[in-house]
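*Asks:* Quick one: structure below, then a few questions.
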Amino acid sequence: VLDTDHPEIMEFIHWKMTEERKAHVLLANGFSGGMEGEAYHTVSGQNSNNSVRVSDAFLQAVLDGKAWQLRSRRTKKVISELPAAQILREMARAAWECADPGIQFHDTIQKWHMCPNSGEIRASNPCSEYMFLDNSACNLASLNLVRFLKGREFDWQGFTQAIQILLLAQDILVDYAGYPTPAIAENSHNFRPLGLGYANLGGLLMRLGIPYDSDEAAAWTARITGAMHALALSASQKMAGASGAFPAWEQHREAGLKVLQLHADAWRGKNFVDL
């Protein structure tokens, strides 16, 4: 993950796209394909997920047609300037050619940060489903939505029970897991972050005969996602009632409640544009 004001941002944006072009040349000249084939095995970047951190100020500079300053990481001194629109355009071109880089919206992420008093969220795991503090870790798991389909009915009761059981198991794993550094271990125990998601949404919609890009599909997605989030909060509350809140909760209580209020407002249709 690189910030848009990094002096090497253009090289970073072009890196994987350039390597992809090399692989295409090798493929055209008879070298084998696939991740383990000769073509891709001899170029770099194939095992990385690259993202760029964009700020509201950068996006406003794009809209206003202004230049964007690239700054030293250490001294913050301006190294050079580029049109902000050119940077975004190159990001779009590279993503079209090789699916990278992705975009992470820094200011929006901070707005929904549950624990801001311990620092900014500056990056994510490779697939971006987990965003939290530096030197932290998260147990990740997914529920296969198709397994909850009974004929043409979704088993909401089973879905609820599975979420409660899995989150409890994930929380137990926090204490039994091994961590690569003392700092990551400390943050994992102080914050106890858990990540539960779902998989096979497309398969579920297909089995229900719902077009993927339709209002009905969007409604199903919103309902499942909203229900999972609410049920996860409920499960977290029950665990806190039995074992106590995570150690860092009190210092982040006010900020955390503000974020929960943002979720409540969004559910009621307020601030929807800001989501």
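*Asks:* Connecting C-alpha atoms closer than 10 Å in a GNM of the chain, tell me which of ASP175, ASP134, ASP215 has the biggest fluctuation.
*Replies:* Comparing ASP175, ASP134, ASP215 in a Gaussian network model of the chain, the most mobile one is ASP215.
*Asks:* Which one of MET228, MET35, MET131 has the biggest mean-square fluctuation once the chain is modelled by GNM with Cα springs under 10 Å?
*Replies:* Between MET228, MET35, MET131, it is MET35 that shows the largest mean-square fluctuation.
*Asks:* Could I ask something else about it? Return the lysines within reach of LYS76: Cα separation strictly under 21 angstrom, same-chain partners fewer than 8 residues apart disregarded; answer none if there are no such residues.
*Replies:* Within the straight-line cut-off, LYS76 pairs with LYS66.
*Asks:* When the accessible area of the chain is split by element with a 1.4 Å probe, what percent falls to carbon and sulfur?
*Replies:* So the carbon and sulfur contribution to the accessible surface is 55 percent.
*Asks:* Let me ask something additional. Using the heavy atoms of the protein chains alone and a 1.4 angstrom probe, what is the accessible area of the chain per residue in square angstrom?
*Replies:* Details: 16400 Å² over 275 residues.
Normalised by residue count, the accessible surface of the chain is 60 Å².
*Asks:* Under 5 Å between amide hydrogens, which residues at least 5 positions from ALA123 or on another chain qualify, with H placed 1.01 Å from N in the peptide plane?
*Replies:* Amide H neighbours of ALA123, under 5 Å, 5+ apart: PHE132.
*Asks:* I've got another one for you. Report, by chain and number, residues whose modeled amide H sits under 5 Å from the one on TRP68, excluding near sequence neighbours (fewer than 5 apart, same chain).
*Replies:* For TRP68, whose amide H was placed from the backbone, the distant partners under 5 Å are LEU82, ALA84.
*Asks:* Using a Gaussian network model on the chain with a 10 Å cutoff between Cα atoms, which of ALA245, ALA219, ALA84 fluctuates the most?
*Replies:* Maximum fluctuation in the GNM of the chain, among the listed residues, is at ALA219.
*Asks:* Can I ask one more? Add -39500 (n - 2.57) for each DSSP H run of 4 or more in the chain, then divide by its residues: what number comes out at 222 nm, to the nearest 500 deg cm²/dmol?
*Replies:* Helices in the chain give a 222 nm mean residue ellipticity of -16500 deg cm²/dmol.
*Asks:* Could you tell me what percent of the DSSP beta bridges with both partners in the chain are antiparallel, to the nearest 5?
*Replies:* The antiparallel proportion sits near 45 percent.
*Asks:* Okay, next question. Given 37 °C and 0.692 mPa s, compute D for the stretch 155-275 with the Stokes-Einstein relation, Rh being the Kirkwood radius over Cα pairs; round to the nearest whole µm²/s.
*Replies:* Diffusion coefficient, whole number: 196 µm²/s.
*Asks:* Please list the helices of the chain that count as membrane-span-like by this rule: a mean Kyte-Doolittle hydropathy of at least 0.5 together with Cα atoms stretching 20 Å or more along the helix axis, each helix being a complete DSSP H run.
*Replies:* Span-like helices here: 156-176.
*Asks:* Same structure, new question: What number does the chain give for Rg over Rh if you use C-alpha atoms and the Kirkwood radius?
*Replies:* When Rh is taken as the Kirkwood radius, the ratio is 1.00.
The values are calculated or read from the model by the stated rules, or taken from the named source; none is laboratory data. Just so we're clear, the structure is a prediction, and the values are computed from it rather than from any experiment. Only protein heavy atoms, including side chains, enter the accessible area calculation; ligands, DNA and RNA are left aside. Shrake-Rupley method; radii C 1.70, N 1.55, O 1.52, S 1.80 Å.
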